[in-house]
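Each remark here refers to the structure printed beneath this line.
Values in this text are rule-based calculations from the coordinates and carry no lab data. These figures come from a predicted structure and were not determined experimentally. Positions of Cβ are generated from backbone atoms using ideal geometry, with glycine treated the same way; all protein chains shown enter the neighbour counts.
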């Protein structure tokens, strides 16, 4: 598998898993909203925002996939003299930068949907708590935003113009780095 393939898999999984999480979250909020609205259609404005909250993670995953595509190790982006190992390392860099959003987005969307659905049911019973109750699913949104920010920060630290500096052979590692590495691997 090439670095390009590894990077593409990371980008696809980010968009896909965040989308699946959002879809599952939206299913939960949609069911709860439908139940509330079947009893009192005037509560539409109170439940619509709660219903849509889990959709944001799907958008975040899509944004990371678009942003990450510019960091893929394709021939047009690479400087001369880059080795196959460095290209593979760049692919893993892209994959790794996707992980915070990939996992955080998928899990938080699902959990936010469940929390928002419960909140929607509560709003259905007592409409005046709508403004206060949005805080519960919004707290989960915070962790999706953290995943988004961390992924963006990681992408900003793996520019393609320095791919030739990726160390792929142990003999090119400096002596202090070898000593530090030896502490962890027992060499």
Note to self: C-alpha centroids of the stretch 81-97 and the stretch 1-23 sit apart, in Å, by 16 Å
For residue 129 and residue 16, extending 7 Å from Cα along the Cα-Cβ vector and measuring point to point gives, in nm, a value of 4.0 nm
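Classify the stretch 1-67 as rounded, prolate or oblate, taking a ≥ b ≥ c as the square roots of the eigenvalues of its Cα gyration tensor: rounded when a/c is under 1.5, otherwise prolate if a/b is larger than b/c and oblate if not. Mind showing how you got there, number by number?
Numbers: a/c = 8.06, a/b = 3.44, b/c = 2.34.
Because a/c hits 1.5 or more and a/b exceeds b/c, the stretch 1-67 counts as prolate.
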In nanometres, the difference between 0.36 nm per residue of separation and the alpha-carbon distance of residue 69 and residue 1 is 22.7 nm
